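Everything below concerns the one structure shown next.
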Amino acid sequence: MIFNSLSYLLLLLIVITLYWLLPYRARLVLIFSASLIFYGFWKINFIPVLLISVIVDWWVSQKMLKCDKRNRFFLLLGSLTTNLSLLFYFKYLIFFADNSIGFANLLGVELDPIAFKIILPLGISFYTFQTISYTVDVYRGFIKPEKDFILFACYVTFFPQLVAGPILRAKEVIPQFTNRPSFSFDYIFIGIRFILFGLFLKVVMADNLSILVDSGFAIDVKYISAIDVWTLAFLFGFQIYFDFSAYSFIALGSARMMGIIFPNNFNFPYISTSPKDFWQRWHISLSSWIRDYLYLPLNKTKVLDRSEGGLAKAVKTKGTNKSLFITMGLMGLWHGANWTFLIWGIYHAIVISIYRLIEPKTLNFSERFRFLGGILVTLPVMMLSWIPFRANSLNDALGMWLKIFNPLAYTWLGMRENVYIITFLVLISFFIVYFFKVKILPIINSKKFISIICDTILITFVTSMVIVFFRSINQFIYFQF
Amino acid sequence: MKNNIFNQNRLSILIGLLLGIFLLDIFSSNIDSEINFEEFALGKNTKTLMALVENKKIHCSDLKDLSLCIEGHKADKNNSPVILWLGNSQLHAINQNKPGNETAAPQIHRFLKKYNFHTLTLSQANANLQEHYLLFAYLLDRFPIKTLVLPIVFDDMREDEIRSNIRRVLKDQNSLKKINKTLTGKSLISRFNDKDLADNQSNALDDTIQNSYENSIDEKLGKIWPLWTKRDILRGELFGTLYLLRNSILGIKATTTRKMIKGKYIKNRNAYQDILNLALDNKIEVLVYIPPIRSDIKIPYELTEYNNFKKEIKDIAEEYKIYFTSLENLVPSEFWGKKASTNLSEESEVDFMHFQAEGHRLLAEAIYLEISKILQLTKKP
């Protein structure tokens with residue numbers, strides 16, 4: 001089920017109503033059943049894959065409770081093997097097979113391409129990481145294994161965050177299921193606000209930008225200019241930001257309506273003053289996961305054990321470049337089985353390595369200069385990373401990147417005039433909204449009456465736009481990861 | 001203090017939600033739910049006419065209304081060979097229309113009917129050649145096509161969107177077989193169909209429980225809440241206003257020079273060649289023409305680009321040994337007209353694309369003349 005659909009809003013209405021009425025046990029059954037319905041609405045035959053992951057990790061965690069350290073390690077290996085095998089089969093097998101055959105052909109061994117089709121189960125990358133984090137945390141002794149299977153299943157399958165995160169830790173969610181706060185309309189209204197803004201970002205912003213982005217990336221690289229490459233990088237950067245943050249907003253809002261609080265997954269990432277800053281503002285729950293379960297262990301450094309903070313600590317840590325490149329490369333591949341995603345990860349690793357070298361030399365500059373200069377440098381650097389992320393092939397991505405170094409490629413335009421105008425307007429609007437939030441909003445909020453008027457105007461506008469544009473035509477981009 | 005903020009929250013959300021719905025309801029109640037966006041875009045001076053001959057549809061838009069044209073052809077009991085005319089709004093719009101006027105399509109249809117040919121016209125506003133290619137591939141299985149008439153419009157070489165009612169061709173297996181080896185076909189399949197292919201099926205909504213359930217709720221909601229069904233129109237109105245606003249701010253008018261967009265131009269040129277290949281493979285004769293354009297004032301193109309375009313289209317036609325003619329100067333200035341303003345001012349603007357009924361008569365005669373050469377017909381219209 002997708003969030004920008006009437007079926008989801010109907011399901012949510014039913015679940016929220018029952019959630020506040022039912023006793024504890026029935027509530028858990030409600031969440032688990034609603035989550036399976038939510039998942040099955042896409043393709044019912046992938047529910048068993050999800051359940052295998054849930055059952056294996058619950059069983060492994062129970063066994064760990066009674067084992068010595070050595071056997072616990074083998075149980076952990078068993079869980080990792082099961083989860084990663086499922087992920088490998090569904091997500092990476094075709095990529096691996098295609099590349100192996102290609103490599104063999106390169107060596108002179110003639111092999112025919114294998115023609116088999118594997119459909120990627122929705123959200124498998126997200127729930128696999130969530131279950132892995134649980135088992136690793138039990139192994140590390142950070143949490144006690146959850147005895148109640150339904151409660152554990154609710155943690156893994158909880159529908160607001162099942163298919164595209166945020167990727168949360170068991171200790172953040174499970175206690176919120178067990179200790180439901182007393183009902184307050186505030187939960188409902190705050191949830192509605194989150195959902196409204198999420199839907200606005202998705203159906204009004206992201207879906208309309210996607211038409212321009214798809215059309216732009218469909219042009220043969222030979223015929224696009226360097227200005228087009230920059231424009232498409234910025235345009236897709238905003239599309240994916242609106243799309244994914246929209247999903248996170250709706251997830252946060254849906255959970256909040258049940259009194260469950262999720263941490264923020266995005267925080268104005270394009271206002272970042274450095275790569276370090278970017279990685280504590282972008283997809284925070286994934287970068288925090290990568291930090292705690294990959295980067296810091298590779299560096300043998302103490303983990304933070306929370307889904308907040310992002311990769312900032314990892315960026316600043318004087319870890320080896322090897323672990324940085326492994327981490328970012330794997331994070332790239334997590335997004336999809338394609339060399340373009342690997343390139344995206346490696347690009348970020350290179351940017352962070354350069355940042356580590358430059359950062360000490362900027363400490364003498366004034367705060368204001370560091371802030372403005374930081375944004376001016378970081379924004380285009382981060383936006384350029386989206387080129388391989390969105391490009392149709394590795395060749396296209398490299399071709400587009402090369403264009404920006406060719407002065408002659410700046411002398412013409414290869415897209416409709418509207419694309420440049422809209423990109424410019426979105427960029428300007430983004431900074432205006434940020435300025436408004438940071439500088440104007442506190443002043444408005446200090447005056448109660450004006451605050452209500454402004455907020456009402458905003459909600460009126462957002463509501464009417466959402467109604468006009470509400471269509472379940474496009475999935476969220478992160479559903480395919 | 002905390003409670004206070006929450007109370008403000010509740011108040012503004014409640015009022016905002018209700019006000020948003022209320023204002024939309026008021027605004028949409030003044031909107032004609034039968035509004036035709038094509039007419040809206042053309043302005044009040046220009047009228048769309050999708051012709052009927054003897055109460056049978058012979059001029060359609062795309063897959064949306066094609067079944068009516070198929071019925072029209074079936075009514076010809078002897079399965080007449082089809083003269084297929086694909087084009088843009090020039091074929092279905094009449095400037096300064098008066099009662100009784102008709103476009104070129106029914107006139108040609110009647111001329112050729114005498115020789116037992118069934119002329120079928122399909123046209124869409126700003127139609128590009130990639131769309132024509134898809135439609136042509138789709139129609140090959142549905143009609144016994146004898147001749148294809150294809151205007152190549154410079155303006156439309158800037159377009160490469162495929163409207164949803166033509167994109168549906170990409171779901172038709174027989175059509176896919178015809179196009180999947182060509183440059184245009186591969187590009188369109190990877191752009192629009194790959195979302196539904198196996199490597200990315202998680203992103204596809206077709207054939208999911210979600211899709212069927214969603215359609216049913218959508219339909220029910222539309223029955224109880226009229227605003228829901230008018231949202232298409234509201235979106236169109238909003239985009240229309242933004243378009244006028246953009247033109248006003250940037251000083252864009254109908255006469256503003258439009259530059260060629262190389263990437264899109266090449267795609268459409270490839271589609272032109274793919275259409276010719278498909279036609280020749282199926283032993284269909286082709287007549288390509290450069291359509292009439294208003295020539296008493298400066299055309300809104302860069303002259304070098306426009307001249308190169310005409311030369312290239314002609315050269316390709318010669319290379320493929322198909323019939324080519326330029327009808328650029330066919331319609332004299334008195335048979336052209338003005339169109340509604342393309343910005344927020346009330347001032348009418350020059351219409352370079354759509355001529356009056358007399359222009360359609362001249363076009364019908366010119367096309368008939370060319371077709372009669374191809375089909376070796378003897379009588380004059």
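The values are calculated or read from the model by the stated rules, or taken from the named source; none is laboratory data. Source: prediction; values computed, not measured. Note that we place each Cβ from the backbone using ideal geometry, even for glycine, and neighbour counts take in every protein chain shown. Just so you know, the surface numbers come from the protein's heavy atoms only, side chains and all, with ligands and any DNA or RNA stripped out. Shrake-Rupley method; radii C 1.70, N 1.55, O 1.52, S 1.80 Å.
Sort out which residues of region B:61-102 are within 18 Å of B:His360 (Cβ to Cβ) and among the polar types (S, T, N, Q), and write them in order of number.
B:Ser61, B:Asn88, B:Ser89, B:Gln90, B:Asn95, B:Gln96, B:Asn97, B:Asn101 - these are the residues of region B:61-102 that are within 18 Å of B:His360 (Cβ to Cβ) and among the polar types (S, T, N, Q).
Rundown of residues vs (1) touching a helix residue (DSSP H, G or I) at 6+ places or on another chain (Cβ under 9 Å); (2) more than 14 Å from every other protein chain (Cβ to nearest Cβ); (3) open to solvent by less than 60 Å² (accessible area, probe 1.4 Å), yes/no style:
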{"residue": "B:Lys223", "(1), (2), (3)": "yes, no, no"}
{"residue": "B:Leu242", "(1), (2), (3)": "no, no, no"}
{"residue": "B:Leu250", "(1), (2), (3)": "yes, no, no"}
{"residue": "B:Tyr272", "(1), (2), (3)": "yes, yes, yes"}
{"residue": "B:Pro291", "(1), (2), (3)": "yes, yes, yes"}
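The rows are residues; the columns are (1) open to solvent by 30 Å² or more (accessible area, probe 1.4 Å); (2) at pLDDT 95 or above; (3) assigned to a loop (DSSP other than H, G, I, E, B); (4) more than 13 Å from chain B (Cβ to nearest Cβ).
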{"residue": "A:Leu9", "(1), (2), (3), (4)": "yes, no, no, no"}
{"residue": "A:Leu13", "(1), (2), (3), (4)": "yes, yes, no, no"}
{"residue": "A:Thr17", "(1), (2), (3), (4)": "yes, yes, no, yes"}
{"residue": "A:Ile37", "(1), (2), (3), (4)": "yes, no, no, no"}
{"residue": "A:Trp42", "(1), (2), (3), (4)": "no, no, yes, no"}
{"residue": "A:Asn45", "(1), (2), (3), (4)": "yes, no, no, no"}
{"residue": "A:Val49", "(1), (2), (3), (4)": "no, no, no, no"}
Would you check which residues across region B:195-206 are at the interface with chain A (Cβ under 9 Å from one of its Cβ atoms) and either open to solvent by 30 Å² or more (accessible area, probe 1.4 Å) or modelled with pLDDT of 70 or more (or both) and list them?
-> B:Lys195, B:Leu197, B:Asp199, B:Asn200, B:Gln201
Yes/no for A:Gly399 being in a helix (DSSP H, G or I), within 14 Å of chain B (Cβ to nearest Cβ) and closer than 30 Å to B:Lys186 by Cα | yes
Criterion violated by A:Tyr89 - all others in (1) within 22 Å of A:Gly165 (Cβ to Cβ); (2) open to solvent by less than 50 Å² (accessible area, probe 1.4 Å); (3) at pLDDT below 90 satisfied | (2)
Of residues in region A:199-236 being of a type in the set (D, E, K, R) and open to solvent by less than 30 Å² (accessible area, probe 1.4 Å), the one nearest to A:Tyr247 (Cα to Cα) | A:Lys202
So B:Leu134, is it under 21 Å from B:Ser326 (Cα atoms), open to solvent by less than 10 Å² (accessible area, probe 1.4 Å) and not polar (S, T, N, Q) | no
Tell me which residues, restricted to region A:91-149, are of a type in the set (S, T, N, Q), free of Cβ contacts under 8 Å to residues at least 60 places away in the same chain and out of contact with any Lys or Arg (no Cβ under 9 Å at 6 or more places or on another chain).
-> A:Asn99, A:Ser100, A:Asn105
Looking only at region B:90-108, which residues are under 21 Å from the mean Cα position of the chain (by Cα) and open to solvent by 10 Å² or more (accessible area, probe 1.4 Å)?
-> B:Gln96, B:Asn97, B:Glu102, B:Gln107
Of the residues in region A:242-270 that are surrounded by fewer than 23 Cβ atoms within 10 Å (Cβ to Cβ) and assigned to a helix (DSSP H, G or I), the one that is nearest to the other protein chains (Cβ to nearest Cβ) is A:Arg256
Would you be able to tell me the number of residues in region B:296-354 that are touching a helix residue (DSSP H, G or I) at 6+ places or on another chain (Cβ under 9 Å), part of a loop (DSSP other than H, G, I, E, B) and open to solvent by 70 Å² or more (accessible area, probe 1.4 Å)?
-> 3
Which one of these is of a type in the set (A, V, I, L, M, F, W, C), open to solvent by less than 40 Å² (accessible area, probe 1.4 Å) and either facing chain B (nearest Cβ under 9 Å) or over 30 Å from B:Leu244 (Cβ atoms) (or both): A:Leu458, A:Leu384?
-> A:Leu384
Matching residues in region A:171-203 (assigned to a helix (DSSP H, G or I) and without any contact (Cβ under 8 Å) to a residue 12 or more places away in the chain) number 4
Being in a loop (DSSP other than H, G, I, E, B) and more than 14 Å from chain B (Cβ to nearest Cβ) is the filter here, so list the residues in region A:406-433 that pass it.
-> A:Asn406
Of residues in region B:22-49 being crowded, with 16+ Cβ neighbours inside 10 Å and modelled with pLDDT of 75 or more, the one farthest from the other protein chains (Cβ to nearest Cβ) | B:Leu49
Scanning for something more than 21 Å from B:Ile31 (Cα to Cα), open to solvent by less than 50 Å² (accessible area, probe 1.4 Å) and modelled with pLDDT under 90, does region B:226-240 turn up at least one residue?
-> no
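Residue-by-condition table, conditions (1) at the interface with chain B (Cβ under 9 Å from one of its Cβ atoms); (2) modelled with pLDDT under 90; (3) closer than 15 Å to A:Val229 by Cβ:
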residue	(1), (2), (3)
A:Ala391	no, no, yes
A:Ile404	no, no, yes
A:Phe435	no, no, no
A:Asn445	yes, yes, no
A:Phe469	yes, no, no
Only unsatisfied item for A:Met328, checking (1) open to solvent by less than 30 Å² (accessible area, probe 1.4 Å); (2) farther than 30 Å from A:Asn99 by Cα, is (2)
Given the residues B:Asn165, B:Asn116, which is the only one that is open to solvent by 20 Å² or more (accessible area, probe 1.4 Å), assigned to a helix (DSSP H, G or I), away from chain A (no Cβ under 14 Å) and in contact with a Ser or Thr (Cβ under 8 Å, 6 or more places away or on another chain)?
-> B:Asn165
Which of the following residues is more than 15 Å from the chain's Cα centre (by Cα), modelled with pLDDT under 95 and within 14 Å of another protein chain (Cβ to nearest Cβ): A:Leu196, A:Leu232, A:Leu212?
-> A:Leu212
Of B:Asn126, B:Asn78, the only residue that is at negative phi and in a loop (DSSP other than H, G, I, E, B) is B:Asn78
Number of positions in region A:103-130 that are touching a Leu at 6+ places or on another chain (Cβ under 9 Å), of a type outside the set (D, E, K, R) and open to solvent by 40 Å² or more (accessible area, probe 1.4 Å) = 2
Whichever residue in region A:350-374 is surrounded by fewer than 15 Cβ atoms within 10 Å (Cβ to Cβ) and aromatic (Phe, Trp, Tyr) and, among such residues, is farthest from the chain's Cα centre (by Cα) = A:Phe365
